[in-house]
Amino acid sequence: MSTQASTRTTPEIQAWVALLRAHATSIRRFNGEAKLREAAGTHVAGIRGFFRERFSNEEVVALGGLLERLPLDPAEDVSCTP
């Protein structure tokens, strides 16, 4: 086999490389999501602590009531028509 022939890639090899890259990306994404899920409890506890240190229980309840009135996805609630 010549050097030139050994460095060429076939469509099959290219397909395998693409599959392996996609699999590696999937693993990285899964690991990233797992880390986010792992950190979520600590993050939420930190946010709760942040508000509880600054506001009374009544103020936290009032703020919660106000925030519940906001849409989860503001883009769905915004109209661009006059």
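The values are calculated or read from the model by the stated rules, or taken from the named source; none is laboratory data. Quantities reported herein were computed from a predicted structural model and do not represent experimental measurements.
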Whether any residue in segment 64-75 is part of a helix (DSSP H, G or I), among the acidic types (Asp, Glu) and under 26 Å from the mean Cα position of the chain (by Cα) is what I want to check.
yes
Exactly one of (1) modelled with pLDDT under 80; (2) part of a helix (DSSP H, G or I) is unmet by residue 1. Its number?
(2)
